[in-house]
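J.: Handing you this structure, nothing more for now.
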Amino acid sequence: MNRREFLRRSMVVVAGLAAPAAVLELVDPERLLAARPELRWAFLVDTYKCVGCGFCVKACKVENDIPYEANVTRTWVERYVVKRDGEVLIDSPRGARDGFTDRRIEVGTGKLRDVGDEDVEKAFFVPKLCNQCDNPPCVQVCPVGATYKTADGVVLVDRSWCIGCGYCIMGCPYGVRFFHPVYKVAEKCTFCYHRISRGMTSACVDACPFGARRIGNLRDPNDPITRTIMTGRVGILKEEYGTKPQVYYVGLSREVR
C-alpha cells in the first residue's frame with residue numbers, strides 16, 4: 001500500500017474531525033508573511049477593460065496542464081446581464097474559454113435564453129480566479145497539509161500529498177477549486193507561481209490584450225497595482241467571510257457574486 005492509499009483509507013476513520021493543531025501551525029499566515037515582508041503578491045482586475053474574449057482562459061489551460069476540453073479551469077470569466085426589471089442573469093459557457101459567441105444567456109445545461117436589447121439595463125464581464133486569501137479556509141481544513149500558503153502569500157497544492165478528500169473544495173467560498181480530471185487531486189489557480197517566482201508574469205496577464213488583468217507586489221508602494229489599490233476605488237469578493245482576499249477589482253458592480 002502506498003502512502004496516498006494509506007492516507008485515503010485513514011480518512012474514512014477520521015472524516016469529520018477537525019485538523020490537528022500541528023497541521024495548522026505549519027501554515028500559520030502571520031508567521032509566513034513575517035518571514036518575507038518585502039513581497040506579497042496581489043492581483044488587480046479591471047472589469048471596465050474586460051471584453052470576455054477568453055484569451056486568459058485559453059492561456060491558463062495550456063500553461064497549467066488543464067485538459068483543454070475538460071469543463072474545468074483555474075480561471076474563468078462570467079457574463080452579467082442586468083435587466084431593467086432587476087433580474088440578474090449570469091453565465092460562463094466552458095469558463096468563457098471560447099469567449100461569448102452567442103448573445104443568448106446560458107441558463108442551464110443546453111438551455112439558452114434570449115434577452116432583447118430594450119430589456120437590458122447593463123451588461124459586463126467579470127474575470128474570476130483564486131483570491132490567494134490572507135486567511136485561507138482551504139488551508140485550515142486540509143487534514144494532511146497538502147494545501148499550504150507560501151511566505152509571499154500564494155496558496156499552493158502539493159499533488160503528491162493531496163488525498164482527494166475534497167475538504168478544501170467544500171471550504172472555499174469562492175468556488176475556485178476543483179478536482180483535476182487527470183491527476184484526481186485538488187486543483188486551483190496559483191497566480192502561475194512557477195512563472196512569477198522567476199520574474200515573469202502569469203499566463204493570463206500575458207494573454208490579456210486589453211490590460212484587464214495585472215499582478216504585482218503589494219509590499220512595494222511604487223508598484224502600479226499597489227498605487228491603484230491604495231489610492232483608487234477597488235472592491236473584493238465576499239468580504240463578509242473574513243478571508244481577506246488579495247484579488248482586487250476596479251469597477252466591481254454590486255450584482256457580482
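J.: Tell me, which residue of segment 78-118 that is closer than 25 Å to V185 by Cβ and not basic (K, R) is nearest to the chain's Cα centre (by Cα)?
T.: Ranking the candidates gives G95 first.
J.: Write out, first by first residue and then by second, each pair whose Cβ atoms fall under 9 Å of each other, whose residues are 6+ apart or on separate chains, and whose first residue, in segment 190-217, is within 20 Å of A96 (Cβ to Cβ) while the second is exposed (fewer than 15 other Cβ atoms within 10 Å of the Cβ).
T.: Qualifying pairs under 9 Å: C192/M200; A203/V62; V205/G211; D206/M200; A212/Y48; R214/P224.
J.: Only one of (1) open to solvent by less than 20 Å² (accessible area, probe 1.4 Å); (2) within 24 Å of I215 (Cβ to Cβ); (3) outside any loop (DSSP other than H, G, I, E, B) is not met by E78, so which one is it?
T.: E78 satisfies every listed condition except (1).
J.: Could you please tell me which pairs satisfy a Cβ distance under 7 Å, a separation of 6+ or placement on different chains, a first residue in segment 227-255 that is closer than 14 Å to P173 by Cα and open to solvent by 50 Å² or more (accessible area, probe 1.4 Å), and a second residue that is at pLDDT 95 or above and polar (S, T, N, Q)?
T.: K244/N135
J.: Pick from segment 151-163 the residues that are open to solvent by 10 Å² or more (accessible area, probe 1.4 Å) and touching a helix residue (DSSP H, G or I) at 6+ places or on another chain (Cβ under 7 Å): which of them is nearest to G216 (Cα to Cα)?
T.: A151
J.: Next question, about the same structure. Residues of segment 100-124 being in contact (Cβ under 8 Å) with a residue 24 or more places away in the chain and touching a helix residue (DSSP H, G or I) at 6+ places or on another chain (Cβ under 8 Å), which ones?
T.: Once the filter is applied, which keeps residues that are in contact (Cβ under 8 Å) with a residue 24 or more places away in the chain and touching a helix residue (DSSP H, G or I) at 6+ places or on another chain (Cβ under 8 Å), segment 100-124 yields only F100.
J.: (1) under 16 Å from P136 (Cα atoms); (2) aliphatic (A, V, I, L, M); (3) open to solvent by 50 Å² or more (accessible area, probe 1.4 Å): which one isn't true of M200, the others all being true?
T.: (1)
J.: Could you tell me which numbered condition L44 fails, if it satisfies all but one of (1) open to solvent by less than 40 Å² (accessible area, probe 1.4 Å); (2) among the hydrophobic types (A, V, I, L, M, F, W, C); (3) in a loop (DSSP other than H, G, I, E, B); (4) closer than 23 Å to F210 by Cα?
T.: That leaves (3) as the condition not met.
The values are calculated or read from the model by the stated rules, or taken from the named source; none is laboratory data. Fair warning: this is a prediction, and the values are worked out from it, not measured in the lab. A quick note on method: Cβ atoms are made from the backbone with ideal geometry, for glycine too, and the neighbour counts reach across all protein chains shown. Just so you know, the surface numbers come from the protein's heavy atoms only, side chains and all, with ligands and any DNA or RNA stripped out. Shrake-Rupley method; radii C 1.70, N 1.55, O 1.52, S 1.80 Å.
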